[in-house]
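Student: Can you keep this structure in mind? I'll have questions shortly.
The values are calculated or read from the model by the stated rules, or taken from the named source; none is laboratory data. Everything numeric in this text was worked out from a predicted model, so none of it was measured. When we count neighbours, we look across all protein chains shown, and the Cβ atoms used for this are built from the backbone with ideal geometry, even at glycine. When the accessible area is computed, the model is the full protein with side chains, heavy atoms only, and any ligands, DNA or RNA have been set aside. Shrake-Rupley method; radii C 1.70, N 1.55, O 1.52, S 1.80 Å.
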Amino acid sequence: MFRHFIISFLAKRHKKAILKWVENPIKSQNKILKKLITSAEKTIFGREHSFKAISSYSSFKKNVPVVDYEDIKPYINKIIQGEADVLWPGTPKYFAVTSGTTSGEKYIPMTTQSLPYLLNGAKDALLMYIANTGNTKVLKGRQIFLQGSPTLNKKGRIETGRLSGISAHHVPFYLKPSILPSKKTNSIENWEKKVDAIVKETIAQDMRILSGIPPWLQMYFEKLQEATRQPVGTIFKNLQLLIYGGASFAPYKKKFQKLIGRKIDTIEVYPASEGFFAFQDSQESEDLLLMLNSGIFYEFI
């Protein structure tokens, strides 16, 4: 009862903080822009683009043209070669490796300032869900986040890996006892063997939240069903929430309904290596809430 009260209180307080910037979108974004420009004005990029002269969005637009990754790549190479204060003060904590629709493999800097925004996006989505539904039981059991390997490589002197693998190194201490899979299982490089190991590790657990990108979740669900000949919603009797993102859910929706075998709540999130952009903030609508207070300034062109 006490735990329920504390979680409910924190969720409602968090929702109140979110609504503060939701109700003041332009003010929130102008504040972010000013903070970013002031913080980076002495960097190589900031000096080359006269950040000191930027006082508004119109002057920002004039001084900082729209570019693609190839235009940013020379700055990334400087960072890899060991230069500091290139795009942001100091050097990045990580490079997130991503393959988009253009430019092939990209290295996205993640700084000590940007990392909390990336990691807190999922927390925002979950607390908003609890504040809106009152469902605190969702946190009573175990949770799984299907993710890439937490094994990191180095690019220059900077640790490098997939966003999900980097996130595995920053699970909040209060969630660690309930999060699966274990580090040993999570570090298995072969994806098929890894999913088999995750099934063995989770099949007898009280799983309440399942999360990951749809194709990975589908493979996990199918292997659970192969092992038990039962729907996922029967295997995990207390399963209440599915969190997904990273790919369109539309092609998977009907398949997931069949694999789970009963209706559960869902939350769509939009994390990317560049930042945590949006999350579904209501069970009444599938729309996503754009994150206006997470260290990102948006231009709509």
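Student: Kindly establish whether residue 27 is in contact (Cβ under 8 Å) with a residue 60 or more places away in the chain, more than 29 Å from residue 148 (Cα to Cα) and surrounded by fewer than 16 Cβ atoms within 10 Å (Cβ to Cβ). Walk me through how you get there before you give the answer.
Tutor: Values: in contact (Cβ under 8 Å) with a residue 60 or more places away in the chain: no; more than 29 Å from residue 148 (Cα to Cα): yes; surrounded by fewer than 16 Cβ atoms within 10 Å (Cβ to Cβ): yes.
Judged against the criteria, residue 27 is not a match.
Student: Still on this structure, I have one more. Is one or more of the residues making up segment 284-292 in a helix (DSSP H, G or I), open to solvent by 40 Å² or more (accessible area, probe 1.4 Å) and either within 19 Å of residue 126 (Cβ to Cβ) or in contact with a strand residue (DSSP E or B) (Cβ under 9 Å, 6 or more places away or on another chain) (or both)?
Tutor: Taking segment 284-292 first, the residues in a helix (DSSP H, G or I) are none.
No, because not a single residue in segment 284-292 is in a helix (DSSP H, G or I), open to solvent by 40 Å² or more (accessible area, probe 1.4 Å) and either within 19 Å of residue 126 (Cβ to Cβ) or in contact with a strand residue (DSSP E or B) (Cβ under 9 Å, 6 or more places away or on another chain) (or both).
Student: For the subset of segment 223-249 comprising residues that are open to solvent by 70 Å² or more (accessible area, probe 1.4 Å) and among the charged types (D, E, K, R), which member is farthest from residue 278 (Cα to Cα)?
Tutor: Filtering first and then ranking leaves 229.
Student: Restricting to segment 156-204, what's the tally of residues that are within 22 Å of the chain's Cα centre (by Cα), under 17 Å from residue 107 (Cα atoms) and not hydrophobic (A, V, I, L, M, F, W, C)?
Tutor: The number of residues fulfilling the criteria is 7.
Student: Still on this structure, I have one more. For segment 259-298, enumerate the residues that are over 27 Å from residue 140 (Cβ atoms) and among the charged types (D, E, K, R).
Tutor: 274, 287
Student: For segment 62-104: of the residues being among the hydroxyl-bearing types (Ser, Thr, Tyr) and not in a loop (DSSP other than H, G, I, E, B), which is nearest to residue 298 (Cα to Cα)? Explain how you work it out, then say what you get.
Tutor: To start, the set of residues in segment 62-104 that are among the hydroxyl-bearing types (Ser, Thr, Tyr) comprises 69, 75, 91, 94, 98-99, 101-103.
So of that shortlist, the ones also not in a loop (DSSP other than H, G, I, E, B) come out as 69, 75, 94, 98-99.
Details: 69: 17, 75: 21, 94: 23, 98: 20, 99: 21 Å.
My answer is 69.
Student: If you don't mind, there's one more thing I want to ask. Output the number of the condition that residue 98 fails; it satisfies all remaining conditions of (1) over 23 Å from residue 271 (Cβ atoms); (2) at pLDDT below 95.
Tutor: (1)
Student: Residues in segment 40-59: is at least one of a type in the set (D, E, K, R), over 16 Å from residue 297 (Cα atoms) and in contact with a strand residue (DSSP E or B) (Cβ under 6 Å, 6 or more places away or on another chain)? Spell out how you get there, then give the answer.
Tutor: Quick first cut of segment 40-59, residues of a type in the set (D, E, K, R) only: 41-42, 47-48, 52.
Cutting the leftovers down to over 16 Å from residue 297 (Cα atoms) gives us 42, 47-48, 52.
Then drop every residue that is not in contact with a strand residue (DSSP E or B) (Cβ under 6 Å, 6 or more places away or on another chain), which leaves none.
Checked segment 40-59: no residue is of a type in the set (D, E, K, R), over 16 Å from residue 297 (Cα atoms) and in contact with a strand residue (DSSP E or B) (Cβ under 6 Å, 6 or more places away or on another chain).
Student: Filter segment 62-74 for residues that are open to solvent by less than 70 Å² (accessible area, probe 1.4 Å) and within 25 Å of the chain's Cα centre (by Cα); which is farthest from residue 274 (Cα to Cα)?
Tutor: 72
Student: Every residue in segment 4-20 that is over 21 Å from the mean Cα position of the chain (by Cα), within 11 Å of residue 132 (Cα to Cα) and open to solvent by less than 60 Å² (accessible area, probe 1.4 Å), please.
Tutor: Residue satisfying the conditions is 8 alone.
Student: Return the residue satisfying two criteria in turn: it lies in segment 281-295 and is under 17 Å from residue 20 (Cα atoms) and touching a residue at least 24 places away in the same chain (Cβ under 8 Å), and of such residues it is farthest from the chain's Cα centre (by Cα).
Tutor: That would be 282.
Student: Name the single residue, out of those in segment 98-125 being out of contact with any Phe, Trp or Tyr (no Cβ under 6 Å at 6 or more places or on another chain) and hydrophobic (A, V, I, L, M, F, W, C), that is farthest from residue 36 (Cα to Cα).
Tutor: Taking the candidates together, the pick is 122.
Student: Mind listing just one residue for me: the one in segment 27-61 that is β-branched (Val, Ile, Thr) and in a helix (DSSP H, G or I) and, of those, nearest to the chain's Cα centre (by Cα)?
Tutor: Residues of segment 27-61 β-branched (Val, Ile, Thr): 32, 37-38, 43-44, 54.
The next check asks that each one be in a helix (DSSP H, G or I); those that pass are 32, 37-38, 44.
On the way: 32: 19, 37: 24, 38: 26, 44: 29 Å.
Applying the filter and picking the extreme gives 32.
Student: Okay, moving on. Evaluate segment 112-128: report whether one residue or more is of a type in the set (Ser, Thr, Tyr) and without any contact (Cβ under 8 Å) to a residue 12 or more places away in the chain.
Tutor: Start the filter on segment 112-128 by keeping residues that are of a type in the set (Ser, Thr, Tyr), which leaves 112, 114, 117.
Cutting the leftovers down to without any contact (Cβ under 8 Å) to a residue 12 or more places away in the chain gives us none.
Looking through segment 112-128, none of the residues is of a type in the set (Ser, Thr, Tyr) and without any contact (Cβ under 8 Å) to a residue 12 or more places away in the chain.
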